[in-house]
Amino acid sequence: MKIYCHCKHCTNKVFLANEAKSRYQLFLSWGNPFAIKCSYCGGQNQIEVNNVRAEATRQSIPIATTLSGGLIGVLAGPLGVIIGLIAGGASGGAISYNEKQDVNNFNNNYI
Ligand SMILES: [Zn+2]
């Protein structure tokens, strides 16, 4: 999950280097409002925590990720199959499902 806001000067999406899973966690670590410098135009922004939004890091559905992991394995041999399935399972499946919940929680809960 990534969290972002929009720069008030150039309106670009600015991703925040913060692992907060909720606006409240973000508030605890950065305060409200917090100051950030836009990485596109260099403009200074005062951002309200409630204007920060979250989005999922991965859009792919779990089964597609797992299949591609297996496919890497077919090309790389038996050991690759195992590594590929573990990598595919870890990057898809449960994690992306939880991530969607985290994203919804973040976007639906204001402070
Ligand atoms: Zn900007």
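Taken together, the values in this text are just the output of simple stated rules run on the coordinates, not laboratory data. Everything numeric in this text was worked out from a predicted model, so none of it was measured. Cβ coordinates were reconstructed from backbone atoms using ideal geometry, including for glycine residues, and neighbour counts include every protein chain displayed.
Some observations on this one:
- Placing a pseudo-label 7 Å from each Cα along the Cα-to-Cβ vector at Gln25 and Thr57 gives an inter-label distance of 1.2 nm.
- Kirkwood hydrodynamic radius of the range 2-55, from inverse mean 1/r over distinct Cα pairs, in Å: 11.0
- Net length gained if the chain between Tyr40 and Ile111 were fully extended (0.36 nm per residue, minus Cα distance): 22.8 nm
- Taking each of Lys13/Lys100; Lys37/Lys100; Lys21/Lys100 in turn, the alpha-carbon distance tops 18 angstrom for Lys13/Lys100; Lys37/Lys100.
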